[in-house]
Amino acid sequence: MEWHDPEAPVDLSPVGSETIRWVICRAIEAGNRVTSLAEWSKALVAHMEGGLTAELKAEIRARYPALDYYEEAGSPHNQPDEGFIENGFAVSFPRPRPG
């Protein structure tokens, strides 16, 4: 089994969308960090540690108005999240559970 330092930066080279990479880099510049890259049925997803700020969301929508936004309600096993997806690559920001 390969050991991974949870504090080490995640290698983003597999992220093949320049737009999604830009979103990830802007989030990192704002103090967020990538916790993992994971395969999902629709995309390779960069999971962020912190939530999507209103300021970053507005900046992304202004710069990339056609970028697909998604929001998931979560389940007992998955935290609610929101993010952006393009051509098989995505970035996911956790949202708080309701209530």
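Brief remarks follow.
- Ranked for footprinting exposure by Cβ neighbours inside 10 Å, fewest first, Val15, Val23 give Val15, Val23.
- Summary of packing: across the peptides 46-52, 60-66, the per-residue average of other C-beta atoms within 10 Å ranks them, highest first, as 46-52, 60-66.
- For the chain, adding -39500 (n - 2.57) for each run of n ≥ 4 DSSP H residues and dividing by the number of residues yields -6500 deg cm²/dmol at 222 nm.
- Note on Asn87 and Ala54: the extension gain reaches 9.5 nm, defined as 0.36 nm multiplied by sequence separation minus the Cα-Cα distance.
- DSSP beta bridges in the chain [antiparallel fraction, %, rounded to 5]: 80
- For the chain, the relative contact order is 27 percent, taking Cα pairs closer than 8 Å that sit 6 or more residues apart in sequence and dividing their mean separation by the residue count.
- For Lys57, Lys42, the sequence from fewest to most other C-beta atoms within 10 Å is Lys42, Lys57.
- Candidate values [x] 14.7; [y] 12.8; [z] 13.9, label of the one derived for Kirkwood radius over Cα pairs in Å: [z]
We did not get these values from a lab; they are worked out from the coordinates using the rules stated. The structure presented is a predicted model; accordingly, all values stated were derived computationally and were not measured. Heads up, the Cβs are rebuilt from the backbone with ideal geometry, glycines too, and the neighbour counts pull from every protein chain shown.
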